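The values are calculated or read from the model by the stated rules, or taken from the named source; none is laboratory data. Since this is a predicted model, take the numbers as computed values, not measurements. Counting neighbours? That spans all protein chains shown, and the Cβs are built from the backbone with ideal geometry, glycine included.
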Amino acid sequence: MTNGLLGKKLGMTQVYDESVLAPVTVIEAGPCRVVSVKTKERDGYEAVQLSFGEVKEQRLSRGELGHLKKHQAAPSRWLREFPKVGDVTVGQTVKVDMFKKGDWVDVVGVSKGKGFQGVVRRHNYAGGPETHGSMFHRAPGSIGASSYPSRVWKNKALPGHMGDERVTVQRLKVVDARPDENLLFVRGAVPGGVNGLLIVRKSKKS
């Protein structure tokens, strides 16, 4: 059908994994409905579009609502595409039972936004002396390159916006899966805050 599904981060807790107390992230994974199936003949590529998280109709645009109604799907907050694996039909449901204890997964999410940050916070600069009279504490320091090229090089580590970007954490172990509750327990931390959207897929490095 596909190699993953959509979920929502619920928070972190601790569980015993093989007699070891392990930190785990609890994910509400699915159920996801197959909204549409992309084909090479019609779309130029193969993919499966999944929906997750029901919402009121007035929270969607007319285009989004029309797309969902066209495929007899309920109003959904999120739509994402996954690679097509095997046979799949519109209307099918993808549940968390596609994962089991001991599997390895990759989790994709949007990291927490930190706003505008300086070089000490953003790039781990050491900074200058903290003593009186130094006049150089948390500044980036010299960034020029003399008369040539008379500009700042691209990709220079400088202050700027930090966080709020797509992050993929690879090869996390599935500690437990509870299909009856749509819950997935993965060892370690995943990007984003509570109630943030997550993409959970089978690991490429398993």
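Residues that are part of a loop (DSSP other than H, G, I, E, B), of a type in the set (S, T, N, Q), out of contact with any strand residue (DSSP E or B) (no Cβ under 6 Å at 6 or more places or on another chain) and not assigned by TED's automatic domain parsing to the domain that holds Val15 do not occur anywhere in segment 84-97. Take the conditions (1) of a type in the set (Asp, Glu); (2) part of a helix (DSSP H, G or I); (3) within 25 Å of Leu183 (Cα to Cα); Asp106 misses just one of them, which is (2). Is there a residue in segment 131-138 that is in contact with a strand residue (DSSP E or B) (Cβ under 9 Å, 6 or more places away or on another chain) and over 22 Å from Val26 (Cα atoms)? There is no residue in segment 131-138 that is in contact with a strand residue (DSSP E or B) (Cβ under 9 Å, 6 or more places away or on another chain) and over 22 Å from Val26 (Cα atoms).
The rows are residues; the columns are (1) surrounded by 12 or more Cβ atoms within 10 Å (Cβ to Cβ); (2) not in a strand (DSSP E or B); (3) not assigned by TED's automatic domain parsing to the domain that holds Asp17.
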site	(1), (2), (3)
Met135	no, yes, yes
Ala139	yes, yes, yes
Ser142	no, yes, yes
Ser150	no, yes, yes
Leu158	yes, yes, yes
Lys173	yes, no, no
Leu184	yes, no, no
Val190	yes, yes, no
Gly193	yes, yes, no
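If the condition is being exposed (fewer than 15 other Cβ atoms within 10 Å of the Cβ) and either of a type in the set (D, E, K, R) or in the same structural domain as Ala22 (by TED's automatic domain parsing) (or both), then segment 118-133 contributes Arg121, Glu130. Can we say Ser203 is of a type in the set (S, T, N, Q) and more than 24 Å from Asn3 (Cβ to Cβ)? Criteria not met by Ser203.
Here is a yes/no grid of residues against (1) farther than 20 Å from Val94 by Cα; (2) modelled with pLDDT of 95 or more; (3) among the aromatic types (Phe, Trp, Tyr); (4) in contact with an Asp or Glu (Cβ under 6 Å, 6 or more places away or on another chain):
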residue	(1), (2), (3), (4)
His161	yes, yes, no, no
Val167	yes, yes, no, no
Asp176	no, no, no, no
Leu183	no, no, no, no
Gly192	yes, no, no, no
Ser203	no, no, no, yes
